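Note sheet for the following structure.
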Amino acid sequence: IYADPAKRLELYFRPKDPYCHPVCANRFPTSTMLLKVRRRTKKKKELDTEEQVQPEVQFEMEILGIVTTVYKFQGMSDFQYLAMHSGPDGKQTSMYDKVLMLKPEKEEFFNRELPLYIPPPIFSRLDTPIDYFYRPDIQHRSGYNNPQVSGENLIGLSRARRPHNAIFVNFDDEEVPTKPLDAAVQNWNKVCTNPVDKKVEEELRKLFEVRPVWSRNAVKANISVHPDKLKLLLPYLAYYMLTGPWRSLWVRFGYDPRKHPEAKIYQVLDFRIRCGMKYGYAATDMPVKAKRSTYNYSLPITVKKQVSHTVSVHDLKQGLGTAGTSGARKPPSSRYKLKESVYIFREGALPPYRQMFYQLCDLNVESLQKIIHRNDGTESECTERDGWCLAKTSDDLRDSMSLMIKQIIRSTRPALFSNTTSTEDSKEQLAYESGEDEDDEEEEEEEFKPSDGSENEMETEILDYV
């Protein structure tokens, strides 16, 4: 618990009781000392029996160290629910021996007549008493009628739309937009208040002049811009493709990749590292971290948002920038930049994550580019699945890339392939994709991950704008 600052310390008053609800302690920073106090009592010899002799008491104190973190139990300790039954006479009887299976039981155990006992499905998320302020009823003007509610999306009525104003285009749409929405222009002009923002806007314009189609990760790796401002800048200069071979990509206004065969090099490839026994290595053997792990999720009762700590002397010595202490670590020109590996695939290097979205022009391997350009000059039709490429081009690319990754893992961990099974035996074993175990080797943390909320980059980006 101490190693994870986001966890709360749990105390069970009855550890062997599965129905025991813990009381949780919150973590607080402190600057206190741990003292060791020893009390010595020395009795004096009695000279006269009539006189009462007071013992001599001495205290010895020693400082053992400094305490920087304390845990305080501030919740309700009587927040419990017991497996009990109230009889007609009001007598409480325990039901633990009737509902708990401590050993393999016979059929008679399950056919017994028992009082109805239904434990609560969930406990409250809060363990401290608070005043809940209900929202008052909305008073409408006279003559107001509630809008027609559709059963398809009821939750949408209670959430305000995000003011990013991006334009989404499907592969089947006939035309593409030539200019941004007026609201997108107003939003960007509202936040573009300093020369740095103007410079970022010009840099992004030049990127779209050189290459009309970009992924958001590729943009983040080429210019340094705060993610919140990038959400407003991209709809100002480009539209977003939802479906087709350019899905999850940003396209310059007025440019239609469906009408230009040379746009096939900008198509997207959804690549996922294959793992399983039939490939010779499992998910735990790969030196590639998952974007997130199911083991990182915690119950609501055990999670507490981190409190911003006070400024320490070390922070003052390092110097605080406008973005906090991170300003002392990275210069402003590259503070928000991602590494090239988040959008470029190179031979001999592993991808940073197990699922990647690459544009075909960013596959920097000669053999892969030969697969992409097999039909140069003979492109006849742009399809939704393969775009301007030949059929099954994506499958061929994934097979070649998977073979390269297998060779890298073979060279770094040869013991995995020393006792490989036969091909027929390996086909019988099921392959699986997992993101639960992560490699123990520490890597340099990036301030902004390619994905902020979903395992699928495309889904994450759509949720930012819809």
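Is it the case that some residue within region 7-30 is touching a Lys or Arg at 6+ places or on another chain (Cβ under 7 Å) and more than 30 Å from Ile130 (Cβ to Cβ)?
no
May I ask you to list pairs of residues, at least six apart or on different chains, whose Cβ atoms are under 9 Å apart, with the first in region 106-125 being within 18 Å of Tyr96 (Cβ to Cβ) and the second being open to solvent by 100 Å² or more (accessible area, probe 1.4 Å) and assigned to a loop (DSSP other than H, G, I, E, B)?
From region 106-125, the pairs are Phe109/Met101.
On the basis of being open to solvent by 80 Å² or more (accessible area, probe 1.4 Å), in a loop (DSSP other than H, G, I, E, B) and modelled with pLDDT under 55, does Glu433 make the cut?
So Glu433 fits the description; yes.
For Val169, which of the numbered conditions (1) open to solvent by less than 100 Å² (accessible area, probe 1.4 Å); (2) at pLDDT below 90; (3) on the phi < 0 side of the Ramachandran plot fails to hold?
Result: Val169 passes all but (2).
Quick one: which residue in Arg410, Arg385 is outside any helix (DSSP H, G or I) and either modelled with pLDDT under 90 or closer than 24 Å to Asn217 by Cβ (or both)?
One residue alone meets the criteria, Arg385.
Keeping to region 390-403, report how many residues are closer than 15 Å to Tyr266 by Cα and either charged (D, E, K, R) or under 34 Å from the mean Cα position of the chain (by Cα) (or both).
3
Limited to region 245-260, what total is found for residues that are in contact with a Ser or Thr (Cβ under 9 Å, 6 or more places away or on another chain) and closer than 16 Å to Gln359 by Cα?
Qualifying residue count, region 245-260: 4.
Among the residues of region 362-389, write down those that are open to solvent by 40 Å² or more (accessible area, probe 1.4 Å) and under 29 Å from the mean Cα position of the chain (by Cα).
Asn364, the sole residue that qualifies.
Looking only at residues that are touching a helix residue (DSSP H, G or I) at 6+ places or on another chain (Cβ under 8 Å) and modelled with pLDDT of 85 or more in region 102-121, which one is surrounded by the most Cβ atoms within 10 Å (Cβ to Cβ)?
Among those that are touching a helix residue (DSSP H, G or I) at 6+ places or on another chain (Cβ under 8 Å) and modelled with pLDDT of 85 or more, it is Leu114.
Would you check if Glu209 is within 29 Å of the chain's Cα centre (by Cα), farther than 22 Å from Met356 by Cβ and either part of a helix (DSSP H, G or I) or modelled with pLDDT under 95 (or both)?
no
Any idea which residue in region 315-360 is nearest to Ser402 (Cα to Cα), counting only those that are at pLDDT 90 or above and more than 25 Å from the chain's Cα centre (by Cα)?
Arg346
Which members of region 237-272 meet the condition of being surrounded by fewer than 23 Cβ atoms within 10 Å (Cβ to Cβ), under 26 Å from the mean Cα position of the chain (by Cα) and not in a strand (DSSP E or B)?
Leu242, Thr243, Arg247, Ser248 - these are the residues of region 237-272 that are surrounded by fewer than 23 Cβ atoms within 10 Å (Cβ to Cβ), under 26 Å from the mean Cα position of the chain (by Cα) and not in a strand (DSSP E or B).
Taking only pairs six or more apart or across chains, which ones have beta-carbon atoms under 8 Å, a first residue in region 72-100 that is farther than 16 Å from Leu116 by Cα and modelled with pLDDT under 90, and a second residue that is aromatic (Phe, Trp, Tyr) and open to solvent by less than 60 Å² (accessible area, probe 1.4 Å)?
Final answer for the pair search is Gln80/Tyr19.
Could you check, for region 40-53, whether at least one of its residues is over 16 Å from Asp127 (Cβ atoms), in a strand (DSSP E or B) and open to solvent by less than 100 Å² (accessible area, probe 1.4 Å)?
yes
From the list Pro29, Pro5, Pro18, exactly one residue is assigned to a loop (DSSP other than H, G, I, E, B), in contact (Cβ under 8 Å) with a residue 60 or more places away in the chain and in contact with a strand residue (DSSP E or B) (Cβ under 7 Å, 6 or more places away or on another chain). Which is it?
Selected residue: Pro5, the only one of Pro29, Pro5, Pro18 that is assigned to a loop (DSSP other than H, G, I, E, B), in contact (Cβ under 8 Å) with a residue 60 or more places away in the chain and in contact with a strand residue (DSSP E or B) (Cβ under 7 Å, 6 or more places away or on another chain).
The values are calculated or read from the model by the stated rules, or taken from the named source; none is laboratory data. Remember, predicted model here, so these are calculated numbers, not experimental data. Backbone-built Cβ (ideal geometry, glycine too); neighbour counts: all protein chains shown. Only protein heavy atoms, including side chains, enter the accessible area calculation; ligands, DNA and RNA are left aside. Shrake-Rupley method; radii C 1.70, N 1.55, O 1.52, S 1.80 Å.
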